[in-house]
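A short write-up of the structure that comes next.
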Amino acid sequence: MSPTPPLFGKEEQKRIVSAIQAAEKRTSGEIKVHIEEHCPDADVMERAKTVFGELGLHTTQQQNGVLLYLAYVDRKFAVLGDKGIYEKVPPDFWESTKEKLRAHFKNNEFTEGLCEGIEEAGQQLKKYFPYQSDDINELPDDVSFG
């Protein structure tokens, strides 16, 4: 993996991880963030699918993992959920999350955008995958870099 980009230093990563932890207290869904400078694929969704698999998001018990993918230099992003989510939610489920991301990313407010996007994803997931008292954190709450 590449070194951490300067845009996402320790403080920014702490804010993103805190947003993930807060969102996951409302839902049994698992949220991951992956950041790269450039998207190596022509299609950002194809890259997001590759990263989704590499990070093991497909291994959650309820198949309710979510990836927020950002290639900040290329100004590309994707929100991708696992099969269990798409079986339960309407087709435009991620639109409000994407709008939060887009609004901040266009102003180069990447950390703010990710934090608001994570919060929105958690709110949306809560409707279909509420937090369970016996819920376990299936994936690490961290930010990965490519």
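Figures for the structure shown
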read-out: Of all residues in segment 82-102 being of a type outside the set (D, E, K, R), closer than 13 Å to residue 128 by Cβ and in contact (Cβ under 8 Å) with a residue 24 or more places away in the chain, the one that is surrounded by the fewest Cβ atoms within 10 Å (Cβ to Cβ); value: 89
read-out: Residue match in segment 130-139 (condition: surrounded by fewer than 18 Cβ atoms within 10 Å (Cβ to Cβ), small (Gly, Ala, Ser) and not in a helix (DSSP H, G or I)); value: yes
read-out: Looking only at segment 21-72, and only at residues there that are basic (Lys, Arg) and touching a residue at least 60 places away in the same chain (Cβ under 8 Å), the one that is surrounded by the most Cβ atoms within 10 Å (Cβ to Cβ); value: 32
read-out: Any hit, segment 8-29, residues being among the β-branched types (Val, Ile, Thr), over 18 Å from residue 113 (Cβ atoms) and outside any helix (DSSP H, G or I); value: yes
read-out: Every pair of residues 6+ apart whose Cβ atoms lie under 6 Å, when the first sits in segment 103-132 and is touching a residue at least 40 places away in the same chain (Cβ under 8 Å) while the second is in a loop (DSSP other than H, G, I, E, B) and of a type in the set (Val, Ile, Thr); value: 128/89
read-out: Among (1) touching a Gly at 6+ places or on another chain (Cβ under 6 Å); (2) outside any helix (DSSP H, G or I), the one test that residue 144 misses; value: (1)
read-out: Residue within segment 64-79 that is more than 21 Å from residue 100 (Cα to Cα) and out of contact with any strand residue (DSSP E or B) (no Cβ under 7 Å at 6 or more places or on another chain) present; value: no
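Here, each number is a calculation from the coordinates, and none is a lab measurement. Worth saying up front: this structure is predicted, and the values here are computed from it rather than measured. Because the Cβ atoms are built from the backbone with ideal geometry, glycine has one as well, and the counts that use them run over all protein chains shown.
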